[in-house]
Every structure is written in C-alpha cells, then in structure tokens.
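Down below is the structure, laid out as structure tokens.
The values are calculated or read from the model by the stated rules, or taken from the named source; none is laboratory data. Quantities reported herein were computed from a predicted structural model and do not represent experimental measurements. Reconstructed Cβ throughout: ideal geometry from the backbone, glycine too, with neighbour counts over all protein chains shown. Areas reflect the complete protein model, heavy atoms only, side chains present, ligands, DNA and RNA absent. Shrake-Rupley method; radii C 1.70, N 1.55, O 1.52, S 1.80 Å.
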Amino acid sequence: MSKVQTKRLRRELYPKLRELTFGFVSDLEKCMQCGKCVGICPAAAVTTYNSRRMIHDIKSGNLQEVIESEELWSCFFCSACYASCPQDINFPFTVAMLRYASLYAGYGAEYVKKIIPYAQDYYARGLTVLQPEKNPLVLARRKANSGTSGDMGDIREQIGMPRERKVSDEALAEVQFISDVSGMTKLMERMLKTDDAAPKTRQRIEKVETVKTREGKFAGFPEEQENA
Amino acid sequence: MPRPEVMARIPVDDEYFLFRSCVASSKYPGMESSTKDVFEKIGVALRESDDQTCCAGFITFTSVAEVTATMPAVARNLSIPDEAGLNTVTMCNGCYTFLTEFGHFLQNNPAILGKVNEMLKMVGREYTGESQVLHMIDVLPKLQDRIAKQIVRPLKGLRIATHYGCHYLYGFKKDAIDDPFTPTVVEDLLEVAGATPVDYPEARTCCGSGLTQVVIHKEELSLPHMKAKFDSLKEAEVDAIVVVCPYCLTILDRGQAKMVDRGIADYEVPVLYITQLLGLAMGIDPVKLGLGANITSAQKFLDKLERLEKSRSTADAARGGAPKRPEEKTTDDQEAANA
Ligand code: SF4
Ligand code: SF4
C-alpha cells in the first residue's frame with residue numbers, strides 16, 4: 001500500500017470508525033449513589049479514590065474536574081465495581097472513555113507515555129510483551145530455577161518449544177495497516193512528542209498509608225529504587 | 001458452583017483454536033506447552049496460527065491505542081478461527097475480556113461491524129463472529145471426566161489456593177461460568193487432580209496489578225494489595241496458588257520475589273497455571289511444564305509432592321501393599337508450613 005493510499009484511507013475511514021468509542025459509556029444516570037462500588041474497589045482501599053463521588057461529579061455537571069484529575073488514572077480496571085453494582089453500571093468502561101477525553105484535553109500524557117514502548121512493540125512485532133528481560137532479579141532467579149542461562153530462548157528450548165514466538169510477516173503488515181489508517185500510529189507519535197511541560201493532572205486523592213491485613217495494620221513500604 | 005445454564009452453552013469440540021497470550025509466550029512459556037500437553041492427553045486438538053497477534057487489550061485499556069484501531073484488530077484476530085471454523089480458547093483473562101467485549105459490541109452494532117469489515121476486506125479478511133470465544137476455565141470443567149481418567153499422579157496432601165483474577169468473573173458477572181464472588185470451578189478441578197483446595201480470606205482480592213498500576217503508578221498502589229493477599233495466603237498455609245491468567249501469574253510470581261528481595265516479607269508461594277497443575281497430576285515432567293521460568297521457585301512444592309508419595313508408598317509396603325490410607329496428614333504438612 002502506497003503512502004498516498006494510506007493517507008486517503010485514513011481520511012475516509014477514520015471519521016467513520018471514531019463512532020466506535022461511544023458505545024462504551026455506561027448509563028451513569030442509573031447510579032443511585034449506594035457506594036457498593038467503593039466498598040469493593042482496590043484503588044479505594046489504598047487511596048481516597050472514590051468511584052461514587054466521581055459519578056456524582058459527572059452527573060452534576062463537573063465533568064471537567066474529573067477529566068483534569070489524577071483520580072481518573074488510578075482505576076485498576078478490575079471491574080469489581082461492575083460485579084457488585086446493583087444497577088449494572090460498567091464504571092471501568094466509563095473511565096476508559098473519559099481517559100481518552102482527558103488525553104484530548106491535553107492531560108494524562110505523563111501516565112500514558114510509560115505505556116508507549118509496549119504499543120511500539122505491538123506495532124513492530126505484533127506482540128505487546130516481548131521476550132528480552134532487563135530485571136536482574138528476574139534473570140538471576142530464572143537462571144537458578146531453570147538450570148539454564150535464564151534467557152527465555154533457552155527456557156523455551158528446554159521445554160521443547162521454538163526459541164521465539166514469531167508473528168507472520170503478513171499479520172504484521174495487516175496490523176500496521178490498521179494502525180496507520182485508524183489513527184493509532186499518529187496518536188502514538190503525538191504522545192511521544194508531548195513534552196514534560198504539558199499540563200499535569202490535578203491531585204484530588206491522597207494515598208492512604210495503611211492497609212488492613214488480618215494481622216493488623218500494614219504501614220506501607222520503604223522508599224525503593226525502581227527495578228520493575 | 002458452575003452455572004448450569006452457562007455450562008450448557010459451552011461447546012465440547014474435537015478441536016479448538018488456541019489463542020496464544022504474549023505474556024505466556026514471552027515470560028511463562030510453560031503455560032502454553034502445558035496447555036498443549038494436557039489437551040493432547042485428553043484427546044482434544046488445538047490449532048494455532050502465526051497470523052494471530054497480541055489481542056491489543058493492554059494498549060487499549062491503557063489508552064495508548066484508540067478503540068478505532070484495536071476494534072478492527074480484534075476482528076482481524078477473530079477472523080482467523082472464523083475462517084478455520086473453530087471455536088476459540090483463550091488462556092488469559094485479558095484476552096478473553098477484550099475479544100469477548102469487542103466481539104459482542106460488533107455483533108450488536110451492525111453499522112460498525114460493516115465499517116470494520118470494510119477495513120478488513122482490504123487485507124483480505126472478514127469477521128463473522130461465528131467462532132465462540134471461550135476461557136480456559138469454561139472448557140476444562142466440561143472435560144472434567146476425561147481429565148479425571150488421565151490423573152496418574154494425584155496431588156494428595158497438597159494444599160492449594162486459587163486466584164481467579166478480576167477480568168473474567170467480575171467483568172462477566174452474568175455470562176461467566178461461575179459466580180463472581182464465590183466461584184468453585186477451579187477448586188473442582190483441583191479436587192479432580194487429587195489436591196486439597198484451600199480457602200483464604202483475600203481470595204477475591206485483585207493481584208494488585210490492575211491493568212496498569214504496576215506500570216503507571218509503579219508500586220505504591222499495587223504492592224500493598226499483594227502484601228494483604230500473601231499475608232492471608234501465608235496464614236492459610238498453602239503449598240501453591242493456582243491462577244487462570246498469565247498476567248496474574250506474572251504479578252503474583254514476581255511481586256513476592258520483589259518483596260523478598262527487599263526484605264519486606266518472606267513469602268515463597270509457587271504460582272502455577274491451571275494446566276501446569278493438571279499436567280503435573282497427569283505425570284508430565286515438571287521441567288517440560290516450564291516451572292523453571294517461575295521467579296518464585298516451585299522446587300519446595302515439587303519436593304513435598306515427592307516426599308508425600310514416598311511416605312505413602314513405604315507405608316503401603318509396610319502394610320503389605322494395602323492400597324489406601326485414610327489419613328494423609330503427616331509431619332510434612334507442618335514442615336512445609338513452617339518453612
Ligand atoms: S454500586 Fe453502582 S449504583 Fe451504587 S454507587 Fe456505585 S455505580 Fe452507583
Ligand atoms: S474497576 Fe476501577 S473503579 Fe471499579 S472497583 Fe476496580 S479499581 Fe475501582
């Protein structure tokens with residue numbers, strides 16, 4: 001497919017496909033503010049995050065406040081609120097859609113940027129999670145536990161699989177085509193360019209330092225270096 | 001208790017399309033190999049395709065990729081089993097959720113389905129929605145009798161907890177195979193394998209990852225969850241925990257190693273995928289099951305299994321080959337609990 005062709009398709013198909021997103025905003029007006037969702041929410045267990053309050057804000061016209069807030073980026077997407085909601089409100093879908101709204105309003109890049117490498121891998125290789133491993137703890141433990149070098153190729157070989165899972169070239173070309181004409185490639189480029197001076201989301205919630213365990217209180221973790 | 005009306009809807013086929021997970025392929029390949037081995041033993045064929053890419057759920061629900069890009073990508077992936085005329089089995093809660101939600105959405109919105117197919121046609125594909133998307137724990141319970149026949153190494157005396165994860169049961173509270181809050185399908189499978197299912201207070205607590213917390217917020221939100229979960233597991237004195245999702249496996253397996261490494265806790269609970277556990281009970285070599293890829297070693301668990309087997313066979317021999325002993329609890333249980 002030529003560049004010009006792709007460009008034309010993007011112009012024609014993208015506006016049509018944008019309609020897709022609107023199917024996922026759930027009927028928040030049905031919410032009766034019972035708070036069951038908050039009781040089961042893992043984010044609410046460690047911060048003052050509150051889905052019931054967010055729904056209340058949206059319903060009473062304070063959508064902007066939610067869109068600008070860091071709160072929007074604290075949901076785990078676990079769907080436990082949906083499972084417990086007597087009104088079947090699928091709140092994580094609402095959050096997902098509001099995050100796009102937030103991004104379009106210029107917020108949230110600080111969170112999304114960290115995911116871009118995964119999207120780049122998806123675009124280049126067809127897989128979001130690839131084999132190479134940087135974490136030295138993981139490599140050392142894997143070496144000890146498998147009796148191999150710890151390298152994933154060696155481990156796969158050890159259990160009788162090809163050294164690497166490959167996605168076919170045709171599939172890659174198709175995925176890249178879809179990404180290009182649907183606007184995903186562009187969006188990624190734009191997000192990569194967002195500089196760090198972009199507006200930050202406003203803090204509306206606080207971290208709760210204690211989590212109840214059955215043995216009593218758990219007082220958080222010592223500050224630690226990153227090695228995720 | 002599995003819901004009979006959902007059980008009735010699940011097709012038992014001679015062959016399924018195996019939807020591979022990129023986390024499993026790249027980090028825990030034993031999930032994939034054990035799935036193939038277990039299905040082979042129970043006489044069900046699995047077909048794969050290198051045309052299948054990642055489901056793209058991760059990048060969609062982290063807002064990097066727009067739905068406009070990943071909706072057609074889902075339809076593209078599902079057009080492969082559609083064309084082959086096979087139903088799809090997913091190994092991952094995330095893949096299941098993403099394929100099913102978007103599949104339902106397309107089926108219920110013919111106008112959008114038309115547009116998506118317009119795009120697919122350009123790459124020579126079509127999505128019809130004929131292939132039913134199933135979760136591993138939809139299919140395994142239906143094949144329970146066949147599994148039971150293959151158990152040659154019952155995991156007697158091993159105390160095993162379950163972690164169902166969020167996205168399958170919570171996200172599909174009406175259509176999933178079991179109740180979102182009090183599921184037992186996996187426990188039933190554990191019993192088939194001869195193990196002792198163990199309940200613990202934090203059983204339905206999220207692994208702490210959510211989809212994004214480990215990446216977006218690093219550990220400040222996710223580690224406290226994991227800690228609560230593992231404290232509760234420790235108290236329940238389990239030998240292992242069984243999961244039905246590669247992402248839960250990654251988070252639980254690596255999270256506890258991380259906590260141990262930093263001296264915050266001393267957990268050592270091996271995390272196994274359901275087919276790895278069933279494979280073990282079917283007598284498949286633990287190396288072949290890929291347990292070596294685990295960060296938290298499964299060795300203690302395997303040692304205990306061997307010890308229990310040995311003590312049973314010597315006891316049998318002492319009693320002149322009597323086949324059964326009613327009480328399996330030995331000092332091994334205490335030993336493992338203290339370790
Ligand atoms: S559980 Fe449902 S109805 Fe109750 S407050 Fe939450 S969203 Fe509203
Ligand atoms: S999906 Fe989000 S809002 Fe709902 S319970 Fe989970 S973390 Fe809370």
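Can you tell me which residue is nearest to the other protein chains (Cβ to nearest Cβ) among those in the stretch B:24-48 that are under 17 Å from the mean Cα position of the chain (by Cα) and open to solvent by 20 Å² or more (accessible area, probe 1.4 Å)?
So the residue we want is B:LYS27.
Could you please find all residues in the stretch B:236-260 being of a type outside the set (A, V, I, L, M) and without any contact (Cβ under 8 Å) to a residue 40 or more places away in the chain?
Listed by number, the list holds a single entry, B:LYS258.
List pairs: first residue in the stretch B:162-185 and outside the structural domain of B:PHE102 (by TED's automatic domain parsing) and within 16 Å of ligand 2 (Cβ to nearest atom), second residue acidic (Asp, Glu) and open to solvent by less than 10 Å² (accessible area, probe 1.4 Å) anywhere in the structure, Cβ distance under 8 angstrom, at least six positions apart or on different chains.
Short answer, once both residue conditions are applied: B:LEU169/B:ASP178.
Among the numbered conditions (1) in contact (Cβ under 8 Å) with a residue 60 or more places away in the chain; (2) among the hydrophobic types (A, V, I, L, M, F, W, C); (3) assigned to a helix (DSSP H, G or I), tell me where B:LEU78 comes up short.
Only one criterion in (1) in contact (Cβ under 8 Å) with a residue 60 or more places away in the chain; (2) among the hydrophobic types (A, V, I, L, M, F, W, C); (3) assigned to a helix (DSSP H, G or I) is unmet by B:LEU78, namely (1).
Can you name every residue in the stretch B:20-38 that is farther than 17 Å from B:VAL287 by Cβ and either outside any helix (DSSP H, G or I) or in contact (Cβ under 8 Å) with a residue 24 or more places away in the chain (or both)?
B:ARG20, B:SER21, B:CYS22, B:VAL23, B:ALA24, B:LYS27
Sort out which residues of the stretch A:58-90 are more than 14 Å from chain B (Cβ to nearest Cβ), at negative phi and open to solvent by 20 Å² or more (accessible area, probe 1.4 Å), and write them in order of number.
A:ILE58, A:LYS59, A:SER60, A:ASN62, A:LEU63, A:GLN64, A:GLU65, A:GLU68
For the stretch A:113-158, enumerate the residues that are within 24 Å of B:PHE61 (Cα to Cα) and open to solvent by less than 10 Å² (accessible area, probe 1.4 Å).
Filtering the stretch A:113-158 for residues within 24 Å of B:PHE61 (Cα to Cα) gives A:113-133.
A:ILE115, A:ILE116, A:ALA119, A:TYR122, A:GLY126, A:LEU127, A:THR128 - these are the residues of the stretch A:113-158 that are within 24 Å of B:PHE61 (Cα to Cα) and open to solvent by less than 10 Å² (accessible area, probe 1.4 Å).
Of the residues that make up the stretch B:233-242, is at least one within 20 Å of B:ILE59 (Cα to Cα), at pLDDT 80 or above and under 18 Å from the mean Cα position of the chain (by Cα)?
No, the stretch B:233-242 contains no residue that is within 20 Å of B:ILE59 (Cα to Cα), at pLDDT 80 or above and under 18 Å from the mean Cα position of the chain (by Cα).
Does the stretch B:152-160 include one or more residues that are closer than 16 Å to B:MET91 by Cβ and open to solvent by 10 Å² or more (accessible area, probe 1.4 Å)? Walk me through how you get there before you give the answer.
Looking only at the stretch B:152-160, we keep the residues that are closer than 16 Å to B:MET91 by Cβ, and these are none.
No, that holds for no residue.
Of (1) open to solvent by 10 Å² or more (accessible area, probe 1.4 Å); (2) touching a strand residue (DSSP E or B) at 6+ places or on another chain (Cβ under 9 Å), B:ASP51 satisfies all except one. Which?
(2)
More than 7 Å from chain B (Cβ to nearest Cβ), touching a Phe, Trp or Tyr at 6+ places or on another chain (Cβ under 7 Å) and within 28 Å of A:SER74 (Cα to Cα), is that true of A:THR194?
Taking the combined requirement at face value, the residue does not satisfy it.
From the list A:ALA44, A:ALA101, exactly one residue is at pLDDT below 85, more than 7 Å from chain B (Cβ to nearest Cβ) and either open to solvent by 10 Å² or more (accessible area, probe 1.4 Å) or closer than 23 Å to A:GLY183 by Cβ (or both). Which is it?
A:ALA101
Name the pairs: first residue in the stretch B:261-273 and in a loop (DSSP other than H, G, I, E, B), second residue open to solvent by 60 Å² or more (accessible area, probe 1.4 Å) and modelled with pLDDT of 85 or more, Cβ to Cβ under 7 Å, at least 6 apart or on different chains?
These pairs meet every condition: B:TYR267/B:LYS234; B:GLU268/B:LYS300.
Taking the conditions exactly as written (in contact with a helix residue (DSSP H, G or I) (Cβ under 7 Å, 6 or more places away or on another chain) and either basic (Lys, Arg) or under 28 Å from B:LYS27 (Cα atoms) (or both)), does B:VAL123 satisfy them or not?
Numbers: in contact with a helix residue (DSSP H, G or I) (Cβ under 7 Å, 6 or more places away or on another chain): yes; either basic (Lys, Arg) or under 28 Å from B:LYS27 (Cα atoms) (or both): no.
So B:VAL123 fails the test.
Name every residue in the stretch B:280-306 that is touching a Gly at 6+ places or on another chain (Cβ under 9 Å) and assigned to a helix (DSSP H, G or I), in order of residue number.
B:ALA281, B:LEU291, B:GLY292, B:ALA293, B:LYS304, B:LEU305
Can you list the helices (runs of 4 or more DSSP H) lying wholly within the stretch A:139-228 that have 3 or more residues being at pLDDT 90 or above and aliphatic (A, V, I, L, M)? Reasoning before the result, please.
Working: elements: A:152-158, A:169-182, A:184-193.
Filter on the stretch A:139-228 gives A:169-182.
Determine the pairs where a residue that is within 13 Å of B:ASP13 (Cβ to Cβ), located within the stretch B:128-155, has a partner that is open to solvent by 30 Å² or more (accessible area, probe 1.4 Å) and aliphatic (A, V, I, L, M) with Cβ atoms under 6 Å apart, the partner being 6 or more residues away or on another chain.
B:LYS142/B:VAL12
Taking A:LEU187, is it buried (at least 16 other Cβ atoms within 10 Å of the Cβ) and either under 30 Å from B:ASP261 (Cα atoms) or more than 16 Å from ligand 1 (Cβ to nearest atom) (or both)?
For A:LEU187, the condition - buried (at least 16 other Cβ atoms within 10 Å of the Cβ) and either under 30 Å from B:ASP261 (Cα atoms) or more than 16 Å from ligand 1 (Cβ to nearest atom) (or both) - is met.
Is it the case that the stretch B:149-165 has a residue that's within 14 Å of chain A (Cβ to nearest Cβ) and part of a loop (DSSP other than H, G, I, E, B)?
Looking through the stretch B:149-165, at least one residue is within 14 Å of chain A (Cβ to nearest Cβ) and part of a loop (DSSP other than H, G, I, E, B).
Can you name every residue in the stretch A:26-68 that is β-branched (Val, Ile, Thr), over 20 Å from the mean Cα position of the chain (by Cα) and not in a helix (DSSP H, G or I)?
Scanning the stretch A:26-68 gives a single hit, A:THR48.
Just wondering, is there one or more residues in the stretch A:75-84 that are modelled with pLDDT under 80 and either among the aromatic types (Phe, Trp, Tyr) or over 17 Å from B:VAL67 (Cα atoms) (or both)?
So far as the stretch A:75-84 goes, no, none of its residues is modelled with pLDDT under 80 and either among the aromatic types (Phe, Trp, Tyr) or over 17 Å from B:VAL67 (Cα atoms) (or both).
Mind listing whichever residues of the stretch A:33-67 are more than 8 Å from ligand 1 (Cβ to nearest atom) and polar (S, T, N, Q)?
Residues of the stretch A:33-67 that are more than 8 Å from ligand 1 (Cβ to nearest atom), as a first pass: A:39-50, A:53-54, A:56-67.
A:THR47, A:THR48, A:ASN50, A:SER60, A:ASN62, A:GLN64 - these are the residues of the stretch A:33-67 that are more than 8 Å from ligand 1 (Cβ to nearest atom) and polar (S, T, N, Q).
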